[in-house]
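Peer 1: I'd like to ask some things about the structure below.
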Amino acid sequence: MNGFPLDISKQLLKNLIGNLRPSDKFNVLLFAGASQFLSEQSLPATPENINKAIQVIDYQRGGGGTELLPALKRALAFKGTQAYSRSFVIVTDGYVTVEKEAFDVIRNSLGSANMFAFGIGSSVNRYIIEGMARVGMGEPFVITKPEEGPGKAEKFRKYIQFPVLTRAKADFGNFEVYDVEPPGIPDVLAERPVIIFGKWQGQPKGKIRLTGISGNQEYVKTVDVSQIRPLDVNAALPYLWARHRIALLSDYNNIRRDDGNTKEITRLGLKYNLLTEYTSFVAIDTVVRRKDGKVTTVKQPLPLPEGVSDYAVGQPVMRSAVRRLSKSIRPPAVPGGRGIAMPLIESEMAVPPPEPKEEREKVVSTDETLMKPRIKGLVRDVSDQIKVSENLSEQEVQRLLQRHLKEIEHCFRQTLQKESGRGEAVLKIVIDAAGQVTDIKFISAALKNEDLNTCVIKQVREWKFPVPADGKVASVEYSLIFE
């Protein structure tokens, strides 16, 4: 995380931690690149501990290579405190490496911990934030402007302030149920009711027993299924279940495409007449627009969204990742992304049973954790030395180079990982009558490096040049400086 998202994250965490009650306990897990706990055990919310946490958060600097799954596993393995309700607050801009197992971890931990996701930034990856909130049966919190921070922090405090039922469990006994959601029951909060729904088969008989802790007392509620009569007002329940199931499968598909999930989404959409990514209500035009069946594919590179640093995308996938993220279409999890902190805030409301003792990993001091310096490599063009055929527009060709210069810079930075170097080069490109690249070569290069040449040629072959005015072959010569 870098720049505006990092600054807002610091303000948010300081706001949340700084307003804890003295009876609360907290911890902070930083997972920007590596993961380190603030303390080996949860700390009482004393002024001294709060100031220590704020200093550590202020000390953080943005980085890349963030992976959510190891951080989640490490946080959940952290020993909790008896008689406390555990809440995990994940604060990130969403540009993190997220595996489907991360969603599984959140879903399977619903009975022992509450998960909440905060998305930070003007172009936050909402699909990841909303997906984590959905599998955690919670509400996503998104902050896009600095002035929104205090208000969202206050809303969140009120949201988790009053647990009504904790350690909740549902026992269906002889009542045959299946496809029940959610798999575990999170804490029922005054501001967050929890709906349990699923399917049943066989005879509607048996008892459903709900247990939990309400305040300092045990709560038990038994429902005799045989005494319940179907009502017309509940006709929408099948659609409620189907919509939830489709949303869940879609969240998993956003992380990694799976043919099984796609088929199941399609099947549910057709069976329940619901609009999904793969099923829709179609209006058919009777006029055939392209009788030859041929279509034209245009690859349109775009800049990163406002407020997003280059750290948002990893080096190996820079070209494709930048294009996908800037289009704002269901962004995938991007390797080399960013994160900042996962505070573990515990409020004294519930009475969970003592947990077994587990060996904890040795905690690395945050003060001793230093980020490795990123490799620098800049490429700039000498615009007054560009040579363009008369049948091409020099301005359009120059603009095209500016759009793609980062790709050449990416190749140069990869080269610098193996060996240092700098110099000038002249790149000649031959374009056919359709604007496609047919030949590329360095006709003059002070910087001799086969890996750099191969990478640049591979990138340039994908460029789409303006169509020559006379419909003939054209050429371009770019003068580049590698620093």
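Peer 1: Could you identify the single residue in ALA153, ALA170 that is without any contact (Cβ under 8 Å) to a residue 60 or more places away in the chain and within 27 Å of PHE103 (Cβ to Cβ)? Walk me through how you get there before you give the answer.
Peer 2: Working: ALA153 fails: without any contact (Cβ under 8 Å) to a residue 60 or more places away in the chain.
Testing whether each residue is without any contact (Cβ under 8 Å) to a residue 60 or more places away in the chain and within 27 Å of PHE103 (Cβ to Cβ) leaves just ALA170.
Peer 1: All but one of (1) crowded, with 16+ Cβ neighbours inside 10 Å; (2) assigned to a loop (DSSP other than H, G, I, E, B); (3) at pLDDT 80 or above hold for LEU447; state the number of the condition that does not hold.
Peer 2: Failed condition: (3).
Peer 1: For the range 232-249, which positions are more than 19 Å from PHE103 (Cβ to Cβ) and free of Cβ contacts under 8 Å to residues at least 24 places away in the same chain?
Peer 2: The answer is ASP232, VAL233, ASN234, ALA235, ALA236.
Peer 1: Of (1) modelled with pLDDT of 50 or more; (2) touching a helix residue (DSSP H, G or I) at 6+ places or on another chain (Cβ under 9 Å), GLY336 satisfies all except one. Which?
Peer 2: Looking at each condition in turn, GLY336 falls short on (1).
Peer 1: Among what's in the range 85-109 and is in a loop (DSSP other than H, G, I, E, B) and of a type in the set (Asp, Glu), pick the residue that is surrounded by the most Cβ atoms within 10 Å (Cβ to Cβ).
Peer 2: Filtering the range 85-109 down to residues in a loop (DSSP other than H, G, I, E, B) leaves 93-96, 98-99, 109.
In the following step, the residues that additionally are of a type in the set (Asp, Glu) were identified as 93, 99.
Working: ASP93: 35, GLU99: 15.
Only one residue fits best here, namely ASP93.
Peer 1: In the range 95-105, is there at least one residue being at pLDDT 85 or above, in contact with a strand residue (DSSP E or B) (Cβ under 6 Å, 6 or more places away or on another chain) and at negative phi?
Peer 2: We begin by selecting, within the range 95-105, every residue at pLDDT 85 or above; these are 103-105.
When the remaining residues are screened for being in contact with a strand residue (DSSP E or B) (Cβ under 6 Å, 6 or more places away or on another chain), the result is none.
Within the range 95-105, not a single residue is at pLDDT 85 or above, in contact with a strand residue (DSSP E or B) (Cβ under 6 Å, 6 or more places away or on another chain) and at negative phi.
Peer 1: Hey, could you check the range 153-185 for residues that are within 19 Å of LEU16 (Cβ to Cβ) and assigned to a loop (DSSP other than H, G, I, E, B) and say which is farthest from the chain's Cα centre (by Cα)? Can you show your working first?
Peer 2: So in the range 153-185, the residues within 19 Å of LEU16 (Cβ to Cβ) come out as 153-163.
Subset that is assigned to a loop (DSSP other than H, G, I, E, B): 161-162.
Values: GLN161: 27, PHE162: 29 Å.
Looking at the filtered set, the residue picked out is PHE162.
Peer 1: (1) surrounded by 15 or more Cβ atoms within 10 Å (Cβ to Cβ); (2) closer than 17 Å to ALA153 by Cβ; (3) at pLDDT 80 or above: which one isn't true of LEU38, the others all being true?
Peer 2: With respect to (1) surrounded by 15 or more Cβ atoms within 10 Å (Cβ to Cβ); (2) closer than 17 Å to ALA153 by Cβ; (3) at pLDDT 80 or above, LEU38 is out only on (2).
Residue-wise test of (1) charged (D, E, K, R); (2) modelled with pLDDT of 85 or more.
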position: PHE141; (1), (2): no, yes
position: PHE156; (1), (2): no, yes
position: GLN161; (1), (2): no, no
position: ASP171; (1), (2): yes, yes
position: VAL177; (1), (2): no, yes
position: VAL180; (1), (2): no, yes
position: PRO186; (1), (2): no, yes
position: VAL194; (1), (2): no, yes
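Peer 1: Answer yes or no as to whether TYR252 is surrounded by 12 or more Cβ atoms within 10 Å (Cβ to Cβ), out of contact with any His (no Cβ under 6 Å at 6 or more places or on another chain) and touching a residue at least 24 places away in the same chain (Cβ under 8 Å). Quick ask: steps written out before the conclusion?
Peer 2: Values: surrounded by 12 or more Cβ atoms within 10 Å (Cβ to Cβ): yes; out of contact with any His (no Cβ under 6 Å at 6 or more places or on another chain): yes; touching a residue at least 24 places away in the same chain (Cβ under 8 Å): yes.
Answer is yes for this residue.
Peer 1: Tell me whether the range 125-134 contains one or more residues that are more than 10 Å from the chain's Cα centre (by Cα) and under 19 Å from ARG192 (Cβ atoms). Write out each step before concluding.
Peer 2: Quick first cut of the range 125-134, residues more than 10 Å from the chain's Cα centre (by Cα) only: 133-134.
Next, from what is left, pick out any that are under 19 Å from ARG192 (Cβ atoms): 133-134.
Checking the range 125-134: at least one residue is more than 10 Å from the chain's Cα centre (by Cα) and under 19 Å from ARG192 (Cβ atoms).
Peer 1: Additional query: Could you figure out which of (1) in contact with a Phe, Trp or Tyr (Cβ under 6 Å, 6 or more places away or on another chain); (2) of a type in the set (Val, Ile, Thr); (3) assigned by TED's automatic domain parsing to the domain that holds TYR178; (4) over 24 Å from ASN108 (Cα atoms) isn't true of THR266?
Peer 2: All conditions pass for THR266, except number (3).
Peer 1: Looking at GLY198, GLY202, GLY138, can you tell me which residue is outside the structural domain of ARG86 (by TED's automatic domain parsing), in contact (Cβ under 8 Å) with a residue 12 or more places away in the chain and in a loop (DSSP other than H, G, I, E, B)? Full working, then the answer.
Peer 2: Values: GLY198 fails: in a loop (DSSP other than H, G, I, E, B); GLY138 fails: outside the structural domain of ARG86 (by TED's automatic domain parsing).
Unique residue meeting the criteria: GLY202.
Peer 1: Would you call SER112 among the hydroxyl-bearing types (Ser, Thr, Tyr), surrounded by fewer than 19 Cβ atoms within 10 Å (Cβ to Cβ) and farther than 26 Å from ARG21 by Cβ? Write out each step before concluding.
Peer 2: Values: among the hydroxyl-bearing types (Ser, Thr, Tyr): yes; surrounded by fewer than 19 Cβ atoms within 10 Å (Cβ to Cβ): yes; farther than 26 Å from ARG21 by Cβ: no.
In short, no.
The values are calculated or read from the model by the stated rules, or taken from the named source; none is laboratory data. Since we're looking at a predicted model, the values are computed, not measured. Quick reminder, even Gly has a Cβ in these numbers, built from the backbone with ideal geometry, and neighbours come from all protein chains shown.
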